[in-house]
Amino acid sequence: MALRPPPPPTIDPANPNIWRWEDMGLTLIHNFITEAEEAALINGFHAHESQKPKQPTNFSTKKRISQHFGYNFDYTTFSASPDRYTPIPDYIASILPRLPQVLPGEPFRLPDQLTVQYYPPGSGIPPHVDTHSAFGEALYSLSYGGAVPMQFRPAGPNDARKMRLPKRSLMSTAASPEPSSASSSPRPASSSPPPGTSSLPPSSGTSKKEEEEDPPAWDLILPPRSLLIMTGPSRYGYVHGIRSRKTDVIPVRMLEHLGQVGVTGLGLVAEQDNGEQDTVTPTERAEEDGEGEKVVVAPRRGRYSLTMRTVEFETAGHCECAYPGVCDARIRQEQLEEQRKTAQSNGQCASTPSDASETKTDYTT
């Protein structure tokens, strides 16, 4: 099945590299970093990985590999750890001041929770909504290496239902948290840690009827060196993920819209024996699918992502968004109210919801 193209973006007349979907608070900036910076990020990732006190990393496996800088992501509380802080390396820190301010009227804060991921060809990200209360509104995700289509759709009733299922640890759905490196150092917390995150646990045994209830989804190709920014509805009320598969069937019209950066990023420009690039265009390689659509089969390549967020230790557990169905803070309030009513009926005092009743999963874009 071919990818479903996204709705038309608004292209910035002053900078055609900037695409916006203003109604959902989504921005994609092409060529945000240079090829030299991309190479530095990739080399830095592998150098850091080689210094870890463990067996050499096998990059040929299907499992993604994670590295954390700033406040480390905590896979047991599904939020940032106030006690674990890894200094941000220069090859990442040099990029942060260039991040655009996308929240007018609010002071700009540099991200202090950064997760670098390597996704081998064929791996994906389960559909999820990133944490509401533990992190700030703006979420920045830099893609480099290979390109990949990311799927978006509005959160629906099924997502709200899944959010209220018993908590599942990321330890069973993603790579285990990496042991802190020699450069990691404890940092005292100024306040209590945030409650946790509010993304969606993988569902099992979902019925066909439930799947049909999900709102329509569309795919956005993330070229290498592009920066995706989520705010507003896309940050709080949309589900996003990446399908696990070795190839993508891409309509030619999507590639033509992306231009050359999309073609090369998807591995559609082959290297000849003399080292020069093949000049075959996507249109020349296209085939018709069963519905008469001109499509190209693109092999997945290894992709890296740098997810950048700001930690909200002071206001963690509080959220005023317009999407209570998939909001971890609202769900926690519901649980507290349910426990209060139960305790009153039993003549007991209400207590904080136990971990077993919370659903907080974060997959990192």
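Protein-only accessible surface at a 1.4 angstrom probe places the residues 30, 48 in the order 48, 30, largest first.
For the set 81, 50, 94, solvent exposure ranked by accessible area (probe 1.4 Å, protein chains only) runs largest to smallest as 50, 94, 81. Rounded to the nearest 10 square angstrom, residue 23 shows an accessible area of 130 square angstrom against a 1.4 Å probe. In this view, the solvent-accessible surface of residue 305, computed with a 1.4 Å probe and all protein chains in place, comes to about 0 Å².
Annotation: residue 303 carries an accessible surface of approximately 10 Å², with a 1.4 Å probe and no ligand, DNA or RNA atoms counted.
Taken per residue, the accessible surface of the stretch 1-148 reaches 43 Å², heavy atoms only and a 1.4 Å probe.
Working note: Karplus 6.51/-1.76/1.60 with θ = phi - 60° gives the stretch 63-69 the couplings 7, 6, 10, 10, 9, 10, 9 Hz, where Gly and Pro are set to x. Solvent-accessible surface of protein heavy atoms, probed at 1.4 angstrom with all chains present, puts 314, 334 in the order 314, 334, largest first. Distant-in-sequence amide contacts of residue 248, defined by a placed amide H-H separation under 5 Å and a gap of 5 or more residues or a different chain, comprise 298, 300.
The values are calculated or read from the model by the stated rules, or taken from the named source; none is laboratory data. The structure displayed is predicted, hence computed values, not measured ones. SASA here: full protein model, heavy atoms, side chains in, ligands and nucleic acids out. Shrake-Rupley method; radii C 1.70, N 1.55, O 1.52, S 1.80 Å.
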